[in-house]
Every structure is written in structure tokens, then in C-alpha cells.
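One structure is given here, and the rest of the page talks about it.
The values are calculated or read from the model by the stated rules, or taken from the named source; none is laboratory data. Owing to the predicted nature of the structure, the values given are computational and were not obtained by experimental measurement. Every residue, glycine among them, receives a Cβ derived from its backbone with ideal geometry; neighbour counts consider all protein chains shown.
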Amino acid sequence: MPTRIRILIADDHPTIRKGLIATLEPEPDMEIVGAAPTRQAAIAMWQETRPDITLMDLALEGCDGGVDAIRQIRKESPTAKIIVFSAVTGDEDVFQALRYGAVTFLTKETPDEELVQTIRDVHAGGRPIPPEIARKLADRLTQSSLTTREVEVLSLVARGYRNKEVAAALSISEETVQGHMKHILSKLGVNDRTSAVVVAAQRGIIRLR
């Protein structure tokens, strides 16, 4: 009997976890070794089970938890095979997930048959990137990225802060905030603060709370 592909699921929605188990368990060459609802649980279960494949949602504990888990797992084991399976699909999300070591990225609209085949392909050493994910990655690589400070500024603007309040929160001058906003608008290709927030949120650069 061939060795089964041992799979760890990490997703914060019970319905998704149950659905993935129902889809994958019947496959004769697959075995679910754990289902984690949080970032910490995902890391702990990975350390305990050392799965062949990890299916990782990005929206663990505030959208960035999945990327953090990928980074920590890959730091511990550079050969760990992680497939992102997520509804969070901004081009920045795709870029960061692949940057920190995910093998490929699937949306939650992916048909069951494609998910199953992708798991087999990745286990065999392949790196199948869906066309829509390749386009998002290409978009991200051809666009100017915001600096860490610019992301901080825009995140506060998204929370309703005015320039004076942003300056106070970050201990910088209002003139510096204005300069950052000018660069942000230029990089995102928009003309106003509201559009900047919308575009940055859609791309996964900032999170709206």
C-alpha cells in the first residue's frame, strides 16, 4: 500500500476545516493529521506531526497570522511544503505568502478536484501556480511598494486620523506626514486619501479594522 500524504489543515473557520476534511479524507493516498484553528495551534501541530503538506489560511488571528505561521514553520524547516488556501487574495498577500516560503497559493473558490491535484503535485516536488495568482504576483512585482513608514501612515489614515493626529502618533512632523501621503498617492496611482485606503486594502497592503 502506498504511503499516504500526511496533511495538516490550518483555518479559523470550523466549517472550512470540516469541509476540507470531508474532501480530502476519502482520497486513498491522503491522511489528515491535524486541523488547527489558530496560528499558534498551527505551529504547534506542525511541530508535533511534521506533515508532508500544510494547507494554510492567511486569515488566522487578524489576516497576518497565516504569513507569520508560514515564516516560523519555514524558519524551522526550510523544506516544509505549505499551500496557502485562503479567501485573502490581495496581490500583497500573495507576494508575502510566497516570499516567506509557501509553495503555491489557492483561493477558496478552487474546485475540489484542483485542490486534490495540487496537493499531489506539490508533494511530488512541483510548484503549480494558478494563472490568476501568477497575474497578482506579476502586478505586485511591477508596482512600487510602500515603505514601512508609509504603511504606518496609511493605516492610521484608514482609521480616520488627520495629518496632525498621524504626526503625533508617529512622533513626526505634519510636513513629514504630508510628504509620505504624496508618495503614497503617487505609488498607488490615486488622487485622494480615501482612494488610497481603498486600493491599499484591496491589495492587502493594509487591514481595515
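Working only within segment 1-36, note down all residues that are assigned to a strand (DSSP E or B) and among the acidic types (Asp, Glu). Talk me through it step by step, then tell me what you get.
Our first condition is that a residue be assigned to a strand (DSSP E or B); within segment 1-36, this holds for 5-10, 30-36.
Listed by number, the list holds a single entry, GLU31.
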Q | Every pair of residues 6+ apart whose Cβ atoms lie under 7 Å, when the first sits in segment 61-78 and is at pLDDT below 95 and surrounded by fewer than 17 Cβ atoms within 10 Å (Cβ to Cβ) while the second is in a helix (DSSP H, G or I) and among the acidic types (Asp, Glu) | A | none
Q.
Given (1) assigned to a helix (DSSP H, G or I); (2) touching a Lys or Arg at 6+ places or on another chain (Cβ under 8 Å), identify the lone condition not met by VAL67.
A. (2)
Q.
So for segment 44-54 (the condition being at pLDDT 95 or above, within 20 Å of GLU114 (Cβ to Cβ), within 20 Å of the chain's Cα centre (by Cα) and of a type in the set (Val, Ile, Thr)), does at least one residue qualify?
A. yes
Q: Kindly indicate whether LYS187 is charged (D, E, K, R), surrounded by 15 or more Cβ atoms within 10 Å (Cβ to Cβ), assigned by TED's automatic domain parsing to the domain that holds THR104 and part of a helix (DSSP H, G or I).
A: no
Q.
Looking at segment 96-115 only, could you name the residues that are assigned to a helix (DSSP H, G or I) and buried (at least 17 other Cβ atoms within 10 Å of the Cβ)?
A. GLN96, ALA97, LEU98, LEU115
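Out of all the residues in segment 44-58, which are crowded, with 18+ Cβ neighbours inside 10 Å and either of a type in the set (A, V, I, L, M) or part of a helix (DSSP H, G or I) (or both)?
Taking segment 44-58 as the starting set, the residues that turn out to be crowded, with 18+ Cβ neighbours inside 10 Å are 45-46, 51-58.
Correct list: MET45, TRP46, ILE53, LEU55, MET56, LEU58.
If I ask for residues that are in a helix (DSSP H, G or I) and either in the same structural domain as ALA97 (by TED's automatic domain parsing) or touching a helix residue (DSSP H, G or I) at 6+ places or on another chain (Cβ under 7 Å) (or both), which ones from segment 152-164 would you list?
So in segment 152-164, the residues in a helix (DSSP H, G or I) come out as 152-158, 163-164.
Across segment 152-164, the qualifying residues are GLU152, VAL153, LEU154, LEU156, VAL157, ALA158, ASN163, LYS164.
Any residue at all in segment 82-91 that's under 17 Å from ILE205 (Cα atoms), under 19 Å from the mean Cα position of the chain (by Cα), in the same structural domain as GLY19 (by TED's automatic domain parsing) and in a helix (DSSP H, G or I)? Break it down stepwise before answering.
First pass over segment 82-91, keeping only residues under 17 Å from ILE205 (Cα atoms): 86-91.
From what's left, under 19 Å from the mean Cα position of the chain (by Cα): 86-91.
If we keep only those that are in the same structural domain as GLY19 (by TED's automatic domain parsing) as well, we get 86-91.
Next, from what is left, pick out any that are in a helix (DSSP H, G or I): 91.
Scanning segment 82-91 turns up at least one residue that is under 17 Å from ILE205 (Cα atoms), under 19 Å from the mean Cα position of the chain (by Cα), in the same structural domain as GLY19 (by TED's automatic domain parsing) and in a helix (DSSP H, G or I).
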